[in-house]
Each structure stands twice: as structure tokens, then as C-alpha cells.
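As C-alpha cells, the structure follows; a few thoughts come after it.
The values are calculated or read from the model by the stated rules, or taken from the named source; none is laboratory data. Just so it is clear, the model here is predicted, and its values are computed rather than measured. Positions of Cβ are generated from backbone atoms using ideal geometry, with glycine treated the same way; all protein chains shown enter the neighbour counts.
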Amino acid sequence: MSQKILVVDDNPDSITILQSILETRGYTVLVASSGVEALRIVDGDPKPDLVLLDVMMPEMNGLEVLQKIKETHATARIPVILVTAKTHDDDVLSGYQYGADYYITKPFTAKQLLYGIDLVLGKGGARE
């Protein structure tokens, strides 16, 4: 059974790009376009194996979503990779302080994304 990755982004183009890269690698992709929707999916069953989370979203930003995922016992062990245009050192540090497992800045390459996913899911680095 393929691993499930939840893509959370309010930009449909970003979702399409991520979905395309992930499906090519054989992952099952779940999609949420808001933080509230993401938390509903994460709280459901079965849980995703990984969450790719944008930071800048309306209503509930990615750091708030990340905090809720990490402070809830049932979801705290789900790895979260922040995928964001926020590139300042303070933003990256904030992401890790909130509990991110990895941080990828936009724009990114497929190779960078897959490397981060392999690293977080324990697959020992990206393959070509």
C-alpha cells in the first residue's frame, strides 16, 4: 500500500505541482486548501504518513496548523515538512521551534522535495 501524503496549500498551482511530483513517485496524495480542512483530514482515519504544509494561508496559518498537529497526542508523530516562500532565518527557526521535521523554501526542485521527503520518512536520501 502506498504512503499517504497530505498537501496543504491555498494556492491551486502549488497543489498541482506537488501532487504531480508525488504521484509520479507512487505516493497517494490527499489535498487540503485550508488549515481547518488539513486538521480535519489529519484527525481522520487513516492518518497521512506525512504532511507538506504551506505557512502563509488565510484564516489559520501553517504554523498554527503545525502547532495543533504536534500538540495533539494522536497526531504528534506525523512528520510535517513546511513548504513555504518564507526564507528568512527567523522564519526557518520558527518553523523548527513549532515542531517542523524539515523546511523547504519555494521555489524548489522536485529533487529537493523528494530528498526532504525521503529524509523525513527514513528512506536515506533521495534517489535519482
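Brief remarks on what is shown
- Given (1) at pLDDT 95 or above; (2) in a helix (DSSP H, G or I), number of the condition Val51 does not satisfy: (2)
- Qualifying residues in the range 70-95 (those that are in a loop (DSSP other than H, G, I, E, B) and crowded, with 18+ Cβ neighbours inside 10 Å) - the one farthest from the chain's Cα centre (by Cα): Lys86
- Every pair of residues 6+ apart whose Cβ atoms lie under 7 Å, when the first sits in the range 70-92 and is more than 15 Å from Leu50 (Cα to Cα) while the second is acidic (Asp, Glu): Thr84/Asp54
- Residue in the range 1-41 that is surrounded by the most Cβ atoms within 10 Å (Cβ to Cβ), counting only those that are of a type in the set (Ser, Thr, Tyr) and over 12 Å from Asp54 (Cβ atoms): Tyr27
- Gln67 surrounded by fewer than 17 Cβ atoms within 10 Å (Cβ to Cβ), polar (S, T, N, Q), within 14 Å of Gly35 (Cα to Cα) and more than 12 Å from the chain's Cα centre (by Cα): yes
- Within the range 42-60, the set of residues being loosely packed, with under 14 Cβ neighbours inside 10 Å and either farther than 24 Å from Leu114 by Cβ or polar (S, T, N, Q) (or both) comprises Asp43, Gly44, Asp45, Pro58, Glu59.
- If you filter the range 106-122 down to residues that are surrounded by fewer than 17 Cβ atoms within 10 Å (Cβ to Cβ) and in contact with a helix residue (DSSP H, G or I) (Cβ under 8 Å, 6 or more places away or on another chain), you find that the one that is nearest to Ile17 (Cα to Cα) is Ala110.
- The sole residue among Leu18, Leu63 that is farther than 18 Å from Gln112 by Cβ and either in contact with a Cys (Cβ under 7 Å, 6 or more places away or on another chain) or part of a helix (DSSP H, G or I) (or both) is Leu63.
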